Amino acid sequence: MGSYIPSTGDERLEMLKAIGLNTVEDLYAAVPESARLKSLNLPEGLSEMEVAACVSALAEKNKVFRSVFRGAGSYRHYIPSIVKTITSKEEFVTAYTPYQAEISQGVLQSIFEYQTEICELTGMDVSNASVYDGGTAAAEAVLMNVDNRRRKTVVISETVNPGVIEVVKTYCGSRNVPVTVVPAKDHVTDLEALKAALTNETASFYFQSPNYFGILEDSEALIAASHEVGAKVAMGVNPISMGLLKTPAEYGADIACGEGQPLGLSTAFGGPYLGFMACTKDMMRKLPGRIVGETTDAQGRRAYVLTLQAREQHIRREKASSNICSNEALCAMTAAVYLAAVGPEGLQKVAKNSAAHAHYLAQKLSEIEGFKLVEDKTFFHEFLMTCPICPYCLNERLAEHGILGGLPVDGGILWCATELNTRSEIDNLVALVAEIVKEEASK
Amino acid sequence: MKVLADLKYSKSHEWLKEDGDVCTVGLTDFAQEELGDIVFVNLPMVGDAVTAGETFADVESVKAVVDVYSPVTGVVTEVNEELIDNPAMANEAPYDAWLIKVAEVTETEELLDAEAYEAHCASEKE
Amino acid sequence: MKLLFERSRSGRKQTLIPDCDVTEFGFDSSLLRTNKPNLPELAEVDLDRHYTALSHETFGVNTGFYPLGSCTMKYNPRVNEAMAALPGFTELHPLQPESTVQGALEAIYRTGKLVSEITGMDDITLQPAAGAHGEYTGLMLIRSYHASRGELGQRTKIIVPDSAHGTNPASAVMAGFTVVSVPSNEQGGVDLDALRTAVGPDTAGLMLTNPNTLGLFDPNILEITKIIHDAGGLCYYDGANLNAIMGHVRPGDMGFDCVHVNLHKTFSTPHGGGGPGSGPVGCKAFLAEFLPKPQVKLEDGVYKLFDPAQSMGKVRTFYGNFLVVVRALSYILTLGKEGIPEASAGAVLNANYMMNRLKDYYTVAYPGLCMHEFVLDVGPLKKETGISAMDVAKRMLDFGYHPPTMYFPLIVHEALMIEPTETESRETLDEACDALIQIWHEAHENAEMLHNAPITRTIGRPDDTKAAREPVLRYQF
């Protein structure tokens, strides 16, 4: 019904006359008759009120869980109200890419701030302005080091999030870059298998820590083994964990990347998310995506611009290493605001609280018969536990109480806790689980 | 536009200096003027092979990337590291800011002398 | 404007979450980072004011006219934002059981169906997060198709017109192809003879946008797609310019086998300063089995996720930029059957109206009827007055307008590409034309001033060379 066209029908007729045409059809004179569409098979347009009702009805068909104990690549954290206020400002929401620096200092500076914050989080020298998500970040990262001399293959650990492994395989496959998946051993990367897989043709090795099962990998050993054969290492990290845990830079990784969704973005059924990528100084020119730099104008005033653009597709075209154009700018700003709102103390607090709650949850669950940590290894805020009853059945029962239980994985359950899962929430969950298990046993 | 008499020139605006077994390659004054401010030069590695008439490097300005073609076939023995750190040299002193040195030269493209090159540039400008 | 780090004061903070109510877990000290990250320490009021200041230095569609060619900066309806903010969408975990997200799956499914109808396709994925991402996905459909027929080794080339957006050749290379460029003819369309020469048994496909980046509808489109098909290749439609034709002609009826659309262009979802966007890819039935996984299907009234038989894999984690899809759904439901063709006709009308007013001053690169955008060639003005496209664009900033796209497409040397979109009133267009005409006069009367433009913004022209030669890409503490 609406089309957001300000001009009235009469005004449009006048404009047509002004350019020497009579009807709207005349505008499409160049289109071959045989291709012309008679009419669209779409429903009639609706008023705003009707659209709101229609789409809201779809939202209501979904179940929003009060209590979420599931992670596996998407994490519910507390999002400060200031983050939502700032990222809803119309100028930020509706602005275009800041190609025109003089009119875009707001956006450009915010990206520069984001880049700085990502460097601080990861310990790296240079960050880009974002890529689509953690999966494409991993794919772009491993491809950065593939050259047409010798470095032609990629190695990835099986303990990486399965969705990320899929994306890396797709991106590498189309470029004819063979990918070797190093098997897990006891839910961490098998170091011996990695060493066997690495050759002097390996361009990159990718792993994540905490890994998909929540366990902290032996990052030092994995990176050393890779560097031994001259392969670069891209390390995927949980950005919240960076408030507390050792950084990829401290471990000697060459590239740090990952999924930035935990930094103030809602879980949003999978998107939009945020891929962050940061690297050491000497890899700067291989980093894909937009990068903002600081410079001055003719009067010596500080100014921000998109820079090193000669890496990108609009200049290099078929020689660009990546085709990325639009990125996740507003999501990057969201992360920047979140990080500024929590600050260094706050981020550490979120990390510590999440880890503490997860460990409390693990301890309490293991007091129930049949629940045991699958691995006795250090984890951050996720862990894999056995389950004495069918995990899907357990979750179905928990759902009745508004609780999203952990993800069924490998016959067990991958549980997650963040600062949002309070002690009483966890106690409540554990009591429920015990009750459900007891009921199932008595059947 | 500056042209040095003792160098040879390609139609794609590279200069070549032959010194016994070793050839030195760079960008001409015409090239750097057309490009504008050069911000980065992507050079090959020592040991790489280059082929006459094929690209071996590229040069970045703020808004463009341009391929550089080798006038000779051979093996790269040296690359100008200084140029990587200070690309402005290619604008300021194009005949001093060499890109690569090549040895084991087996083939050379048909090149122009200074006069012929000047004429070539004049015709391109039209 | 100060940076966050310059406003930061040690010890300042906000109380966002409570103290931990359980025992802290003691990680081994060897696992901990040595130093805290240098993140800003600010009170909420100072953080708020910081971003308010930044927003004042940001030009949004809400600020003013944004005639960026090829970007379709149409108005971003507020109801779309409201829908995308509903907790029933934002609070969903992507790995919830399917029975608990029927509304979300339905939203994806229905949007897919609507976009398929508009583009004349049979099936569609909403997984790609941007236009370029969609290009890669579409080319992967073509790659998978040829691979399934054992012809991938032979079919290595993708044909791209020289007027194409830079993402086109870049995407082709990412998908493992080499690029063959075909020139445009004098009318700005694809040179058919050159195309016939370029095709052969090594042709995997063609990437084309129609209307093209010059804003012209190629009248030979049916012949073009036939040439490719006769050679055994497939045709990919770059939907960046769909706003010119939606509802009047469909890529599927022009001979295209797969398409991408830009939700953040044609379908009104906002640009966000550079993203997030969404680049759904539609295809004809024979390509559906290669689509990324998972897809959504409707079976006995229930929405389900499934993996297509020969899926190319995944181009992104999870399902795509879901909240962006919700905005597009709202928009398409609002416009509906009549509104879609009305919007595109409005876009074409507005572009021709502006071109008509400017043609007596600036040189129109391709005179005659344009589609939703047109290109001015500032070359002649430059020869006459020394004023370049850059100077004109920068001076527009002084008039409060976002400049048009500059120096694209590359085949017009001093190009200014103008796309008003349909969501602008006549008076806005007239005022913008008045400003451009005034600039034309200034070029003849006061060229020096134009060279220094903009003069009213908080910064003048930045030193791009210094930024690239001496990269400063982060704040140094």
In Å, the Kirkwood hydrodynamic radius of the range C:79-335 over pairs of distinct alpha carbons?
18.5 Å
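Tell me the volume per residue, in Å³, of the convex hull enclosing the alpha carbons of chain C.
Details: hull volume 96.6 nm³, N = 477.
Cα-based convex hull of chain C, divided per residue, equals 203 Å³.
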MRE, 222 nm, helices only [DSSP H, n ≥ 4, -39500 (n - 2.57), over chain A, to nearest 500]
-11500 deg cm²/dmol
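Averaged over B:29-41, how many beta carbons belonging to a partner chain fall within 10 Å of each residue's beta carbon?
For this peptide, the per-residue mean of nearby foreign Cβ atoms is 2.
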In whole angstrom, largest first, the equivalent ellipsoid semi-axes that the Cα gyration tensor gives for the range C:379-466 are 20, 16, 15
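What's the Kirkwood radius of the protein assembly as shown in Å, using all Cα pairs? Working shown, then result.
Values: mean 1/r = 0.0334 Å⁻¹.
Kirkwood radius, the protein assembly as shown: 29.9 Å.
Of the listed pairs A:LYS38/C:LYS74; A:LYS63/A:LYS185; A:LYS246/C:LYS293, which have alpha-carbon separations greater than 29 Å here?
Details: A:LYS38/C:LYS74 25 Å; A:LYS63/A:LYS185 37 Å; A:LYS246/C:LYS293 35 Å.
A:LYS63/A:LYS185; A:LYS246/C:LYS293, as the Cα separations exceed 29 Å there.
Count charges around A:ALA320 for me, please; just the other residues with Cβ under 9 Å from its Cβ, Lys/Arg as +1, Asp/Glu as -1.
Working: positive: A:ARG311, A:ARG316, A:ARG317, A:LYS319; negative: A:GLU312, A:GLU318.
My count for the surroundings of A:ALA320 gives +2.
One-quarter of the Cα convex hull surface for chain B, in nm²?
Details: hull surface 28.0 nm².
Computing the convex hull of the Cα atoms and averaging its projections yields 7.0 nm².
Calculate the mean, over all residues of peptide A:182-189, of how many other protein chain Cβ atoms lie within 10 angstrom of the residue's Cβ.
Numbers: counts 0, 0, 0, 0, 0, 0, 0, 0.
Mean partner-chain Cβ count within 10 Å for A:182-189: 0.
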Which of the cysteines in chain C are isolated, no other cysteine C-beta under 4.7 Å?
C:CYS20, C:CYS71, C:CYS235, C:CYS370, C:CYS433
Above 12 angstrom, tally the Cα pairs of the range B:1-57 and express them as a % of all pairs, no decimals.
73 percent
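With the contact rule set at Cα under 8 Å and sequence spacing of 6 or more, what percent relative contact order holds for the range C:79-335?
Values: 501 pairs, mean separation 72.9, N = 257.
RCO, the range C:79-335: 28 percent.
Normalised by the empirical 2.2 N^0.38 Å for globular proteins, what value does the Cα Rg of the range A:81-337 take? Please report the intermediate quantities before stating the final value.
Numbers: Rg = 18.1 Å, N = 257, 2.2 N^0.38 = 18.1 Å.
Relative to the rule-of-thumb radius for its length, the range A:81-337 sits at 1.00.
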Could you tell me the extents of the range A:1-63's C-alpha atoms along the three principal axes, largest first, rounded to whole Å?
55, 31, 13
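Can you pull out the chymotrypsin sites (Phe, Trp or Tyr not before Pro) in the range C:29-73 whose DSSP state is coil and whose Cβ has at most 12 other Cβ atoms within 10 Å?
Nothing satisfies the criteria.
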Span from the the range C:440-455 Cα centroid across to the the range C:241-296 one, whole angstrom:
41 Å
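Select from the range A:254-357 those trypsin sites (Lys or Arg not before Pro) which occupy a DSSP coil region and have at most 14 other Cβ atoms within 10 Å, ordered by residue number.
Details: sites: A:LYS281, A:ARG285, A:LYS286, A:ARG290, A:ARG301, A:ARG302, A:ARG311, A:ARG316, A:ARG317, A:LYS319, A:LYS349, A:LYS352; in loops: A:ARG290, A:ARG301.
Qualifying residues, ordered by number: A:ARG301.
Count the net charge of all other residues whose Cβ sits under 15 Å from the Cβ of A:LEU37, scoring Lys and Arg as +1 and Asp and Glu as -1.
Values: positive: A:ARG36, A:LYS38, C:ARG250, C:LYS337; negative: A:GLU25, A:GLU33, C:GLU117, C:ASP253, C:GLU338, C:GLU342.
Net local charge, A:LEU37 excluded: -2.
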Taking the range C:1-126, the equivalent ellipsoid from its C-alpha gyration tensor has semi-axes in Å, biggest first, of 39, 29, 15
Eligible lysines near C:LYS383 by straight Cα distance, threshold 29 Å, same-chain separation 8 or greater
B:LYS2, B:LYS11, B:LYS63, B:LYS125, C:LYS359, C:LYS394, C:LYS466
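If contacts are Cα pairs under 8 angstrom and at least 6 residues apart, what is the relative contact order of chain A in percent?
On the way: 793 pairs, mean separation 88.2, N = 443.
Value for chain A: 20 percent.
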For C:LYS2, give me every one of the lysines with a C-alpha distance below 17 angstrom, ignoring sequence neighbours fewer than eight places off in its own chain.
none
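Counting pairs of alpha carbon atoms under 8 Å apart in space and at least six apart in sequence, what relative contact order in percent does the range C:284-340 give? Could you put the intermediate results ahead of the total?
Working: 48 pairs, mean separation 15.8, N = 57.
RCO, the range C:284-340: 28 percent.
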All lysines inside 28 Å of A:LYS443 as judged from Cα atoms, apart from same-chain residues fewer than 8 positions distant
A:LYS364, A:LYS372
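Based on other C-beta atoms within 10 Å, arrange C:CYS258, B:CYS121 from fewest to most. Please list the in-between numbers first.
Values: C:CYS258 30, B:CYS121 21.
Starting with the residue having the fewest Cβ neighbours, the order is B:CYS121, C:CYS258.
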Rounded to the nearest Å, the spacing of the alpha-carbon centers of the range C:1-41 and the range A:353-398 is 28 Å
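Taking GluC sites (Glu not before Pro) as exposed when DSSP calls them loop (any state but H, G, I, E, B) and at most 13 other Cβ atoms lie within 10 Å, what is the longest stretch of chain C free of them, the sites themselves excluded? Could the numbers behind the result be given before it?
On the way: sites that count: C:GLU24, C:GLU186.
Result, exposed sites excluded: C:187-477.
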For A:HIS381, C:HIS229, which order do you get if you count the other beta carbons within 10 Å of each Cβ and list the fewest first?
C:HIS229, A:HIS381
For the range A:298-363, what number results from the quotient of the Cα radius of gyration and 2.2 N^0.38 Å?
1.86
What value does the range C:4-56 have for Rg/Rh, both radii from Cα atoms and Rh as Kirkwood defines it?
1.11
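What number do you get for the range A:1-146 when its Cα radius of gyration is normalised by 2.2 N^0.38 Å, N = residues?
Values: Rg = 24.1 Å, N = 146, 2.2 N^0.38 = 14.6 Å.
Dividing the Cα radius of gyration by 2.2 N^0.38 Å gives 1.65.
Loop-only trypsin sites (Lys or Arg not before Pro) in the range C:75-154, please: DSSP not H, G, I, E or B, and at most 14 other Cβ atoms within 10 Å.
The qualifying sites are C:ARG149.
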Taking alpha-carbon centroids only, the range A:210-279 lies from the range C:150-215 a number of Å equal to 38 Å
Count the net charge of all other residues whose Cβ sits under 9 Å from the Cβ of C:LEU287, scoring Lys and Arg as +1 and Asp and Glu as -1.
-3
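Which entries in A:LYS232/C:LYS314; A:LYS319/C:LYS314; A:LYS169/C:LYS314 show an alpha-carbon gap greater than 19 Å? Can you show the working numbers first?
Details: A:LYS232/C:LYS314 24 Å; A:LYS319/C:LYS314 24 Å; A:LYS169/C:LYS314 8 Å.
Listed pairs above 19 Å: A:LYS232/C:LYS314; A:LYS319/C:LYS314.
Enumerate the helices in chain A for which the Kyte-Doolittle hydropathy averages -1.0 or more and the C-alpha atoms extend at least 30 Å along the helix's axis, using complete DSSP H runs. Walk me through the intermediate numbers first.
Details: long enough: A:329-365 (40 Å, 0.46).
Sorted by number, the helices that extend far enough and score high enough are A:329-365.
Give me D for the range C:207-291 in µm² s⁻¹, whole number, from Stokes-Einstein with Rh from the Kirkwood sum over alpha-carbon pairs, 10 °C and 1.306 mPa s. Intermediate results must be reported in sequence, preceding the final value.
On the way: Rh = 13.7 Å.
Answer from the Stokes-Einstein relation: 116 µm²/s.
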Two decimals is fine: what is log10 I(q)/I(0) at q = 0.11, 0.13 Å⁻¹ for the range C:282-348, from a Debye sum with one equal scatterer on every Cα and no solvent?
-0.42, -0.57
Semi-axes (Å, rounded, descending) of the ellipsoid equivalent to chain A per its C-alpha gyration tensor are 42, 32, 23
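Taking neighbour counts of Cβ atoms within 10 Å as a proxy for exposure, in what order, fewest first, do A:HIS227, C:HIS165 appear? Spell out each step's value before the answer.
Details: A:HIS227 16, C:HIS165 27.
So the ranking, lowest neighbour count to highest, is A:HIS227, C:HIS165.
No lab work stands behind these numbers, since they all come straight from the coordinates. Predicted model, so just to flag it, every value in this text is computed and none were measured. Ideal geometry is used to build each Cβ from the backbone, glycine not excepted, and the neighbour counts take in all protein chains shown.
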